[in-house]
Each structure stands twice: as structure tokens, then as C-alpha cells.
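The values are calculated or read from the model by the stated rules, or taken from the named source; none is laboratory data. All figures in this text were calculated on a predicted structure; none of them were measured in a lab. All Cβ positions, glycine included, derive from the backbone under ideal geometry; neighbour counts span all protein chains shown.
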Amino acid sequence: MTIKILTSSLLLLASLTASTLPNLKMPQTGLAFDVIKDYRNYNVVATHFRTDKNEIRYILANDLAYQALKKGIKSLPEGSKVVKIGWSVKKMALYPAALEADKIQRVEYMVKDSKHFNANGDNWGYARFVKTKNGYKSFNKGTKGCISCHAVAKGNDFLFTQYQKRF
């Protein structure tokens with residue numbers, strides 16, 4: 001069932017084609033939505049469920065980050081990209097005891113780039129785009145919350161995600 005939910009969720013995500021990605025940038029970092037335009041080539045690293053947001057999150061990584069995470073490397077290499085897509089959930093119509101992804105709520109990502117993002121000592125640039133009725137908008141509170149939240153994961157290269165082994 002998890003595979004079915006993941007597959008349907010990724011198909012919904014695929015509806016955001018590179019040509020329809022919003023032309024948005026995070027004010028503090030200048031990171032644009034299209035930095036992750038090739039997300040369809042990324043691998044699923046993990047899933048998380050945020051109980052405070054009632055949201056399932058799919059964590060994707062570009063090949064550079066994916067290979068490092070899969071090998072258990074603690075500090076991801078330069079150029080690593082980790083994308084987090086948050087979905088609201090709903091009961092499955094045919095199996096109401098289960099939940100499935102419903103609508104995208106947010107798309108967030110981190111890019112490892114020590115030349116541009118070392119001011120906080122973490123070497124990561126953060127971007128968060130929130131879904132609205134009319135599309136997406138840059139997160140209005142900026143990246144300060146991203147930085148402070150991820151600081152608790154300093155010993156894990158500021159990442160909450162670890163590779164979830166499959167079989």
C-alpha cells in the first residue's frame with residue numbers, strides 16, 4: 001500500500017513540469033524554484049509524517065546526495081540537493097482505514113554550496129515555497145526558521161533525513 005501511495009503521489013508531483021515551475025525566488029538566498037527543475041530524476045530517500053502539520057513528506061535527493069546518503073556519509077558533498085514535498089492527507093476511498101497523499105502543501109529544498117551559503121556555518125542554502133489557491137509563493141517568514149530548526153541536526157550535516165533502506 002505504501003508503494004501505491006508513493007507512486008500516486010509522485011505522479012501528482014510530476015504534474016509540476018519544468019515548464020510550469022513557478023518563477024519564484026527566496027529573498028534571503030536568491031534560490032529559485034527552478035534550481036530543482038530536474039527533481040523527476042531524483043530518488044526517494046525517505047518519507048516522514050509530521051503530526052503537527054498532519055502532513056506526509058516525501059524526501060528526494062539528486063544523485064550526488066542520494067549516493068552519499070545511501071552509503072551513510074555524514075557530510076554530503078558540494079552540489080547535493082535534498083527536496084522535501086509536503087502533502088496533506090486524506091482517507092483512501094477504497095480503504096478508509098488508510099491515509100493517502102492528497103494535495104501538495106509545500107515544496108522545500110536545501111542545496112549544499114559552501115561558497116554561497118556559509119554565513120550560518122552550515123553550508124546549506126534553503127528555499128521554501130508554499131502552495132496557495134493561486135499557485136505558489138515564497139515562504140513569507142524567510143529562511144531564518146529553516147536555519148534555526150535544522151541547527152538541532154548539526155551532527156547529521158543539518159539533515160533530519162537518513163536513508164531508509166528498502167528490503
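Below, the figures for the structure above:
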| read-out | value |
| --- | --- |
| Those residues of the range 123-167 which are farther than 20 Å from GLN28 by Cβ, over 17 Å from the mean Cα position of the chain (by Cα) and part of a loop (DSSP other than H, G, I, E, B), in sequence order | LYS133, ASN134, LYS165, ARG166, PHE167 |
| Pair list, Cβ under 9 Å, 6 or more apart: the range 149-167 residue hydroxyl-bearing (Ser, Thr, Tyr) and at pLDDT 90 or above, other residue exposed (fewer than 13 other Cβ atoms within 10 Å of the Cβ) and not in a helix (DSSP H, G or I) | TYR163/GLY72 |
| Candidates LEU76, LEU64 - the one that is in contact with a strand residue (DSSP E or B) (Cβ under 8 Å, 6 or more places away or on another chain), closer than 20 Å to THR29 by Cβ and in contact (Cβ under 8 Å) with a residue 24 or more places away in the chain | LEU76 |
| Members of the range 145-167 that are surrounded by 12 or more Cβ atoms within 10 Å (Cβ to Cβ) and of a type in the set (D, E, K, R) | ASP157 |
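Rundown of residues vs (1) surrounded by 22 or more Cβ atoms within 10 Å (Cβ to Cβ); (2) hydrophobic (A, V, I, L, M, F, W, C), yes/no style:
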{"site": "LEU60", "(1), (2)": "yes, yes"}
{"site": "GLN67", "(1), (2)": "no, no"}
{"site": "PRO77", "(1), (2)": "no, no"}
{"site": "ILE85", "(1), (2)": "yes, yes"}
{"site": "LEU94", "(1), (2)": "no, yes"}
{"site": "ARG106", "(1), (2)": "no, no"}
